[in-house]
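S.K.: The structure that follows is given in the form of structure tokens.
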Amino acid sequence: MSGLFISFEGGEGSGKTTQSDMLVARLEAECGRRVVRLHEPGGTPLGEHIRGWVKDQNAPLMLQAELLLFAASRAELVQRVIRPELSQDAIVVADRYADSTTVYQGNARGLPLEEVTAANAIATGGVWPHLTFLLDIPPDASLRRVGVQTSFDMEGHIVPIARAEDSSFRRFEELSTPFHRKVRDGYLQLAKAEPGRWVVLDASQPMEAVHAQVWERVQELLAM
Ligand code: TMP
């Protein structure tokens, strides 16, 4: 495969979607190669159905079923879109990928890591990003960004106390602050374990500043 695969990871409200859009626009304007923007779950007809399901707060799922739905969506995406695009020299920019499964289903929801790893291995078929940006932000700041007011409980933990009336909250985002803390810690562990692939950025900076750092690293990769 001769293309380039870049992913963005991070918790809710970390700015992944904004940064993916900014990077795609910049690549399209400046590099003259085909650029494909994806988000997970989604990106294929089955993937978009699965996205609706897993984000529907009225449809609680068993953890194992949830794991396999994310894996099914990803298997379709890898085989129908990512592999063919990479083999045609495209640049693929993904808003979440298999690291989200490791962190959300493994670290945060508590499924055994070997089950999560096995599901990821089947779904990805060994296709992993060349570069992954972790948009790192403390949970209280990210929850505020997505419209949740926070306070502190008796033990000093940040707790969501209300949500914006017009927010498009789904059950993932409604989970507690300890959940978001596990997500953040899980990502930081992954980044530490594989520093050659991960770039950790402070996502509490203005979006233009984050984008400038993203662009610098992508340019280095394009020059290789
Ligand atoms: P978002 O990407 O639009 O924020 O929403 C996707 C939600 O799905 C988000 O809460 C994270 C969650 N998710 C998982 O739990 N596991 C996964 O493998 C993926 C891709 C997403």
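The values are calculated or read from the model by the stated rules, or taken from the named source; none is laboratory data. Being a predicted model, the structure only gives us computed values, none of them experimental. Methodologically, a virtual Cβ is constructed for each residue, glycine included, from the backbone with ideal geometry; neighbour enumeration extends over all protein chains shown. In case anyone asks, the SASA skips ligands and DNA or RNA and just uses the protein heavy atoms, side chains included. Shrake-Rupley method; radii C 1.70, N 1.55, O 1.52, S 1.80 Å.
S.K.: How big is segment 1-129 in terms of Cα radius of gyration and Dmax, in angstroms?
M.R.: Spelled out, the Cα radius of gyration and Dmax of segment 1-129 are 14.7, 45 Å.
S.K.: In percent, what relative contact order does segment 1-127 have, based on Cα pairs under 8 Å that are 6 or more apart in sequence?
M.R.: Details: 184 pairs, mean separation 48.3, N = 127.
Contact order relative to length: 38 percent.
S.K.: Another question, if that's okay. For segment 7-125, which whole percent of the accessible surface, found with a 1.4 angstrom probe, sits on carbon and sulfur atoms? It would help to have the intermediate numbers written out before the result.
M.R.: Working: 2780 of 5020 Å².
Of all accessible area on segment 7-125, carbon and sulfur atoms account for 55 percent.
S.K.: Ordered by packing density, taken as the mean number of other Cβ atoms within 10 Å over each peptide's residues, highest first, how do 72-78, 108-114, 184-190 rank? Mind showing how you got there, number by number?
M.R.: Working: 72-78: 22.7, 108-114: 13.9, 184-190: 18.3.
The densest-packed peptide leads the list: 72-78, 184-190, 108-114.
S.K.: Classify segment 68-113 as rounded, prolate or oblate, taking a ≥ b ≥ c as the square roots of the eigenvalues of its Cα gyration tensor: rounded when a/c is under 1.5, otherwise prolate if a/b is larger than b/c and oblate if not. Write out the running numbers ahead of the final one.
M.R.: Working: a/c = 3.80, a/b = 2.26, b/c = 1.68.
It is prolate, given that a/c is not under 1.5 and a/b is the larger ratio.
S.K.: OK, next. Can you list which of the chymotrypsin sites (Phe, Trp or Tyr not before Pro) found in segment 1-91 are DSSP loop residues with at most 10 other C-beta atoms within 10 Å? Please list the in-between numbers first.
M.R.: Details: sites: 5, 8, 53, 70; in loops: none.
When the chymotrypsin sites (Phe, Trp or Tyr not before Pro) of segment 1-91 are filtered for loop state and at most 10 Cβ neighbours within 10 Å, nothing remains.
S.K.: Rank by packing, highest mean first: peptides 36-46, 90-100, with packing defined as the count of other Cβ atoms within 10 Å averaged across residues.
M.R.: Values: 36-46: 19.4, 90-100: 24.1.
Put in order of decreasing packing, that is 90-100, 36-46.
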